[in-house]
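These notes are about the structure you will find just below.
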Amino acid sequence: MTSKSEMLELLDNRKQGHALERPFYTDPGIFQLDMEHIWYQEWLFAGHECELPKAGGYLTLQVGEYPIMIVRDEKGTIRAMHNTCRHRGSKICKEHKGNSAKLVCPYHQWTYGLDGNLLFARHMDATFDKSQHSLMPIACEVVEGTIFICLSENPRDFSVVRQHVLPYLSVHRLKDAKVAHEMTIIEKGNWKLVWENNRECYHCAANHPELCKTFPEAPSATGFAGGKIDAEVTELWSRCENAGVASRFKVDPTGQFRTTRTPLLNAADSYTMDGKIAVNKLLTDDGGAGNVGALLFYHYPSSWNHYLLDHAVTFRVLPISATETAVTTKWLVNKDAVEGVDYDKDRLTHVWIETNDQDRQVVEDNAAGIMSPAYKPGPYSELEEGGVMQFVEWYASFITPRLRDKAAAPRLSVA
């Protein structure tokens, strides 16, 4: 397995504008260092507030070695905690989602309140102090109905993300949404390959016939084309912002997260085969702007998201191993929309179900080729793969100082 010093040498010697060396996509040692220095340190997208509509609602997820539960307590506060009993460590919430008045460990019935405090432990002696055995908390923030968590004991200031994204997300009313459909696929490829594939549409015409009916593949429509922006994009920005709908391309100085609004092809309103809305009860308050296109929000390392007039599609990336990644997709609609009346679920989900499977295939083909000892990193297309180059620069610039025990995140020069 690759050691820290060997990984630093690979990073120091990497060729700018080229793909990474084979071990970055295959080696268990580098995978573990990725987890320790990025995934266990950064804010991660976890889920949606609307998935926990009442007290006792919970959802669970696994981030590397850490089982996690997110709970709404009696006061309505969203909390994140380690899903590990303080007795002998058993998982407490075993289902993906559920609702429970108390958090009861199934092993020995230690019982916790929704705030994580230990309420009851059977057959413990008189010296036992319940107050010293609360569930271990995890940093948790909610912005416009979107839940983020951070496993670090000293998480970075989340207000930077909040201030960036709040003006963009507020019109999409995610707090008034519900999840109409959810799916998780396992892609047999490293998490960085999943992101690299996402960050370009160089492959779209040959691989995504459904998505290409509405989503623009030109980099100049989504923020990367050497500074060039299509006239249709600037027209959308002006029209939306005149109606109070934040739209212009904006990127964090570190390159970690970005937002932009892009028009869909042929004046389409939604990701459907005919371009027409999929949900009659709209999710977004357009402020009178009309067709608002799609708001794209990328946040490394764990999510990319699309918010439209009638629904939203969110994607969560979670690494499983050096060569496996879980991608969870959720379709959000107006909470009052009725399936079969206001929307047809198959029509709502068709484009991205097909696109997800196509992306799974291209990532797995990419991963299989990289496994070959004959693999050599090739050059990225400056015209088409600026987003991939930016992601790789972010990755290298974030992890290198951390491997050298320098905790400060870098400021990058970004488009």
On the formula 1/(1 + (r/R0)^6), with r taken between the Cβ atoms of K94 and T127 and R0 of 30 Å, the FRET efficiency rounded to 0.05 is 0.45
Can you find, among S131, Y107, V143, the residue farthest towards the positive end of the dipole of the stretch 99-156? Put +1 on the C-beta of Lys and Arg, -1 on that of Asp and Glu. Y107
Computed for the stretch 44-150: size of charge dipole around the Cα centre, +1 on C-beta of each Lys and Arg, -1 on C-beta of each Asp and Glu, debye to nearest 20, value 380
Note: the stretch 44-150, point scatterers on Cα, Debye, no solvent; log10 I/I(0) at q = 0.24 Å⁻¹ equals -1.37
Per the charge dipole of the chain (beta-carbon charges, Lys/Arg positive, Asp/Glu negative, Cα centre), the residue among N305, V251, G47 reaching farthest to the positive end is G47
P(r) tail fraction, the stretch 163-370 - alpha-carbon pairs more than 21 Å apart, %: 52
What's the long-distance tail for the chain, i.e. % of Cα pairs beyond 29 Å? 47
Within the chain, which is the longest segment containing none of the GluC sites (Glu not before Pro) that sit in a DSSP loop and have at most 15 other Cβ atoms within 10 Å? 154-381
Which of the listed residues, N242, L59, N356, is farthest toward the dipole's positive end in the chain, when Lys, Arg count +1 and Asp, Glu count -1 at the beta-carbon? L59
In sequence order, what are the phi-derived ³J(HN,Hα) couplings for the stretch 251-267 according to the Karplus relation 6.51 cos²θ - 1.76 cosθ + 1.60 with θ = phi - 60°, rounded to whole Hz, with x for glycine and proline? 10, 5, x, 7, x, 6, 9, 8, 9, 6, 10, 10, x, 7, 5, 6, 6
Classify the stretch 78-121 as rounded, prolate or oblate from the Cα gyration tensor: take a ≥ b ≥ c as the square roots of its eigenvalues, call it rounded if a/c is under 1.5, otherwise prolate when a/b beats b/c and oblate if not. rounded
What's the center-to-center distance, using Cα atoms, between the stretch 266-337 and the stretch 1-77 in Å? 22
Can you give the charge dipole size of the stretch 322-412 about its Cα centre, rounded to the nearest 20 debye, using +1 on the beta carbon of Lys and Arg and -1 on the beta carbon of Asp and Glu? 680
Only Lys, Arg (+1) and Asp, Glu (-1) charged, at Cβ; the chain dipole about Cα centre in debye: 1080
Within the stretch 1-51, report the trypsin sites (Lys or Arg not before Pro) that DSSP leaves as loop and that have at most 10 other Cβ atoms within 10 Å. none
For the pair N117/S238, report the inter-label distance in nm, with labels modelled 7 Å from Cα in the Cβ direction. 5.8
Would you mind putting 301-308, 251-258 in packing order, based on average other-beta-carbon counts within 10 Å, highest first? 301-308, 251-258
Once both label points are put 7 Å beyond Cα along the C-beta direction, the E324-N13 separation in nm becomes 3.2
Please give the calculated 222 nm ellipticity per residue for the chain, where each DSSP H segment of at least 4 residues contributes -39500 (n - 2.57) and the sum is spread over every residue; nearest 500 deg cm²/dmol? -7000 deg cm²/dmol
Tell me the label-point distance for the pair F158, D176, using the 7 Å Cα-to-Cβ offset, in nm and rounded to one decimal. 2.4
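Read-outs: derived from the displayed coordinates by stated rules, not from any lab. Worth saying up front: this structure is predicted, and the values here are computed from it rather than measured. All Cβ positions, even for glycine, are placed from backbone atoms using ideal geometry, and neighbour counts span all protein chains on display.
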